Structure formats: C-alpha cells, structure tokens
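Worksheet: the structure to be examined is printed underneath.
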Ligand code: SF4
Ligand code: SF4
C-alpha cells in the first residue's frame, strides 16, 4: 500500500512502525474471509482491510479520530485471525494498538463511556478491587433486570452483572509470591516463573494451583515473583499506552529480579491473552533505553504453559477412553501461533482429541507472528 506520511510525522517511531506495517498490505482482502466482525456485519469498514484504510487515513493526515473510525476500531475483537490469514505478514496487532492509542489521545468519548472504561481500567487489573467488585456483583446480581431499565448505563451494568459468577473461590495460596519446590529434589534441574496476573487467579485460582502441582510432580521448581501483576493487555486495548507500559515495566522488574537470582528456564503464562501481551513486551518497550534489553529477555523466556510442558519428557498415560473437544482461544492460535502443543498433551494424557470445526479459521502460516520471532523482534 502506498503511503504519504510527512517527514515530520515519520520522526515519531510509532508512526514509522505503522507506516512500515501499512506498506506491507497489498489490499488483497484475504483477511476479510476470516474476520468475525466482517462475516457478521458484512461491512468492509468492519473488516481488517477496511480498518487498515481508516487507520491509514487517520494517521497519515494527523487527524483526530472521528466517531465513525472509533466505532469501527472499537468493534475489532483483536482476535488476530486476520494476521494468521494475511499472506503479506501485515502486523495488524501493532497497527491497531497504535490506532487505539491515537483514538484515546484525540477523541472524547461520551461521559458514560468514559466512566465505564475508567471503572474497568481501575478494577479489573487489580486483584483486590476485582475480588471486592465480584462480591458486590454477586449481591447485586438478582437486581440485574432492574438495572436494565436504567437509562444510559443500565443495560451495560445489567450485562456485566449477568456475567458475574454467583460465587467464587477464596484467595488461593498460589496467589502469593513464593517458591514451590519439587518434593524430590533439593536442587531442581528446572526452575520457572509462573505468572499470576490479575483476573484469572480471582476467577479460576484452580488453574495455577494445578499448574504448580503438575510442574512440581515433573521436578520443576515454580517461583511466583514479588510485585508481578496484570500484563497490561486490558488497558493496552483501551489505548491507555502509558498505563500499559507501566504495568509491563513492573512485571519486567519483578521477573528480572528472579532471573538474576538463580536463573529460570522460562516464564510460564496460563492465560493465552496475557501470554500474547507478555511476548510483545520486547516491542512495547523497544524505545525505552532502561527497559528494552530486559523486556527482550523476558519476552524470549515467555512461554505458554502448554509450550513448556510439551518440551518435558512426560510419559504417556494409558488411554482413558474419553473423547474431548479442544477449542483454542484466538490469542492462543492467532496471537501466539500455538496450535498443536495443547492437543499433544491431551493425547499424551490418554484422551482422544477432536477439534471444534468453527474453532479454527484459516490455516496457520508456519512463521510465528509474536514479537519475539526474528521477523518482528524489536531492535
Ligand atoms: S483482529 Fe479479528 S476482529 Fe479485528 S480485524 Fe482482525 S480478524 Fe477482524
Ligand atoms: S490479507 Fe493482508 S495484505 Fe491482504 S488486505 Fe488483508 S492485511 Fe492487507
């Protein structure tokens, strides 16, 4: 795609990166075939190619985001299916991240929108506040139909209340920083950091508890670092760039302390959306001289737990005779390009695995598109 950015605009490294991405798009439109919003709405402006054109126009002309562009970019689910499909390797994720930051800086949303986004950006990344809000939501859940009749924000509050779990697990010991040693070994052959993050340990603490038990059984020592937290994805997707970078720096500092104090084989993440973001830290912090190298090291060590487990020598179990359906998350198959490892592990655990037909879109291209791949690694 031809671009016409001014030299002044190209002095900004974010703009330079976006221009490079825009130039790689050849307008072929293959991506439209696997974009859920285009398939649902049938509007080119709600397709990846349509959004790319709108973002190009907005950035190239240095315009504040119009209400129309905001609507179409807001509708993007960041499923990254378009990146799997694109034959030209267009890094849509970095482009839409830049567009969202531009929207946040130049567009004034309605008061209701601003209030809702501020609430989500404050509560969700903070485990204590999120747990408190779930407690409040569980009590308010029966009143959701009344909320639905309140003008302006009522429908959204009612939708959130209907999604809130009626009860949730107590705080898990795995949420606290600490070291979980493998029982059999004084000096473990393997040592990993496990990311806790924000919402997952509140909603499903069993996931990391089971991960620790399994890794310990396989002789792997697990460390949960002091002061780690939300990966930053939530605010990043809202265009709150500085806040996202601050959260990324906090995790980089927390994990660097562990890496420099004894070394680790990997940083394991059990939520694939968080994994996609942590694997992008090298790119996100590439312009920060204090953090660029540290972030790149974190990014190179980051693994989805299934990727790491697939490297261990796990003896296959006897067939259980049970059939399971595996539905991969978008962030797993498109963000991280992990498609086989989870299924291999399930098969090794004795299950027969079936794919959910509509759970996969276009065939994954062989090259990884996460930021730590050589093609897109910062620097
Ligand atoms: S990220 Fe998903 S929703 Fe957004 S443009 Fe790409 S395919 Fe469509
Ligand atoms: S498939 Fe890739 S090159 Fe083709 S229009 Fe979509 S983003 Fe552009």
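The values are calculated or read from the model by the stated rules, or taken from the named source; none is laboratory data. The model shown is predicted, which means the values in this text are computed figures rather than measured ones. Positions of Cβ are generated from backbone atoms using ideal geometry, with glycine treated the same way; all protein chains shown enter the neighbour counts.
Structure values in brief
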{"read-out": "Flag for residue 150 being at pLDDT below 90 and surrounded by 12 or more Cβ atoms within 10 Å (Cβ to Cβ)", "value": "yes"}
{"read-out": "Hits in segment 74-98 (condition: near ligand 1 (Cβ under 6 Å from one of its atoms), in a loop (DSSP other than H, G, I, E, B) and buried (at least 21 other Cβ atoms within 10 Å of the Cβ))", "value": "76, 80"}
{"read-out": "Residue under evaluation residue 70, criteria (1) more than 16 Å from the chain's Cα centre (by Cα); (2) within 16 Å of ligand 1 (Cβ to nearest atom); (3) buried (at least 18 other Cβ atoms within 10 Å of the Cβ); (4) farther than 30 Å from residue 8 by Cβ, criterion not met", "value": "(4)"}
{"read-out": "Which listed residue is surrounded by 17 or more Cβ atoms within 10 Å (Cβ to Cβ), under 30 Å from residue 143 (Cβ atoms), under 23 Å from the mean Cα position of the chain (by Cα) and free of Cβ contacts under 8 Å to residues at least 40 places away in the same chain, from 199, 164", "value": "164"}
{"read-out": "Candidates 33, 65, 121, filtered to the one that is away from ligand 1 (no atom under 11 Å from the Cβ) and surrounded by fewer than 19 Cβ atoms within 10 Å (Cβ to Cβ)", "value": "121"}
{"read-out": "Members of segment 19-36 that are in contact (Cβ under 8 Å) with a residue 40 or more places away in the chain, within 6 Å of ligand 2 (Cβ to nearest atom) and closer than 23 Å to residue 61 by Cβ", "value": "25, 26"}
{"read-out": "Among the candidates 190, 204, 109, residue that is surrounded by 14 or more Cβ atoms within 10 Å (Cβ to Cβ) and closer than 30 Å to residue 64 by Cβ", "value": "109"}
{"read-out": "Qualifying position, being in a helix (DSSP H, G or I), farther than 21 Å from residue 235 by Cβ and within 9 Å of ligand 1 (Cβ to nearest atom), among 16, 23, 49", "value": "49"}
{"read-out": "Breaking point among (1) within 23 Å of residue 106 (Cβ to Cβ); (2) part of a helix (DSSP H, G or I); (3) more than 8 Å from ligand 2 (Cβ to nearest atom), for residue 40", "value": "(1)"}
